[in-house]
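Shown next, in structure tokens, is the structure this report addresses.
The values are calculated or read from the model by the stated rules, or taken from the named source; none is laboratory data. Bear in mind that the values here come from a model prediction, so they are computed numbers and not experimental data. Cβ sites come from the backbone with ideal geometry, for glycine too, and all protein chains shown count toward neighbours.
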Amino acid sequence: MRIRFKITQRLLDAIRSDLRRRHAIAHERIGFVAAGLAAAHDELLILARDYRPVDDGDYLDDPHVGAMIDASAIRRARQWAMNSRAAMFHVHTHGGRGIPSFSSVDNRENAKFIPNFVSVAPFAVHGAIVLSDTAAFGQVWLGRDRPRPFIATFNAIGAPTSMWSAA
């Protein structure tokens, strides 16, 4: 299955700007992107439509990671996915240029909590995305016990339009 992720340049710029904000205890910011889905043949199109940052009070003081959020932040995002019937994507940035990748902490934590979105909103796929200043990398959970393919291409639609392959 080929997976494509589309987002408006305006929304992507707003997300990157939000994720650059400083936090009192966390070294990085986290947010969630809600998306719609379209599928045809062996292709899945993910269409980003909204973004919500994690509230300042929902970060945990954990010096071993860039940012750790509490259960209430995840619970709110799960509720958002269920109420809006949206695909939900955890997003953060590693900064820099070029195609980023998940850290070992990202891989471990994503595997712990992304399947919980599948439980409350099984009508959609869910996943995680890490941004750089110029590109993105992401993974999708097709179900609790199903494959977790990577997003093949990202398209930022607007001025300027950009596209990059990440998988």
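General remarks:
- Any hit, segment 32-42, residues being aliphatic (A, V, I, L, M), under 21 Å from ARG148 (Cα atoms), in contact (Cβ under 8 Å) with a residue 60 or more places away in the chain and assigned to a loop (DSSP other than H, G, I, E, B): no
- Of the candidates ASN155, ASN83, ASN107, the single residue that is touching a residue at least 24 places away in the same chain (Cβ under 8 Å) and among the polar types (S, T, N, Q) is ASN155.
- Scope segment 122-152; condition of a type in the set (Val, Ile, Thr) and crowded, with 16+ Cβ neighbours inside 10 Å; matching residues: VAL125, ILE129, VAL130, VAL140, ILE151
- Taken as a whole, the structure places SER101 among residues that are modelled with pLDDT of 95 or more, surrounded by fewer than 19 Cβ atoms within 10 Å (Cβ to Cβ), within 16 Å of GLN139 (Cα to Cα) and not aliphatic (A, V, I, L, M).
- Residue selected from segment 1-31 under the condition acidic (Asp, Glu) and in a helix (DSSP H, G or I), by the criterion surrounded by the most Cβ atoms within 10 Å (Cβ to Cβ): ASP18
- First in segment 4-24 and within 18 Å of ASP56 (Cβ to Cβ), second anywhere and surrounded by 15 or more Cβ atoms within 10 Å (Cβ to Cβ) and of a type in the set (Lys, Arg), Cβ under 7 Å, 6 or more apart: ASP18/ARG29; LEU19/ARG29; ARG21/ARG29; HIS23/ARG29
- Meets criteria (without any contact (Cβ under 8 Å) to a residue 12 or more places away in the chain, surrounded by 13 or more Cβ atoms within 10 Å (Cβ to Cβ), of a type outside the set (Ser, Thr, Tyr) and out of contact with any strand residue (DSSP E or B) (no Cβ under 9 Å at 6 or more places or on another chain)) for ARG75: yes
- When GLY143 is tested against the conditions (1) over 17 Å from ILE30 (Cα atoms); (2) under 15 Å from the mean Cα position of the chain (by Cα); (3) of a type outside the set (D, E, K, R), the lone failure is (2).
- Only one entry of ASP70, ASP58, ASP145, ASP62 meets the criterion of being on the phi < 0 side of the Ramachandran plot, touching a Lys or Arg at 6+ places or on another chain (Cβ under 9 Å) and of a type in the set (Asp, Glu), and that entry is ASP58.
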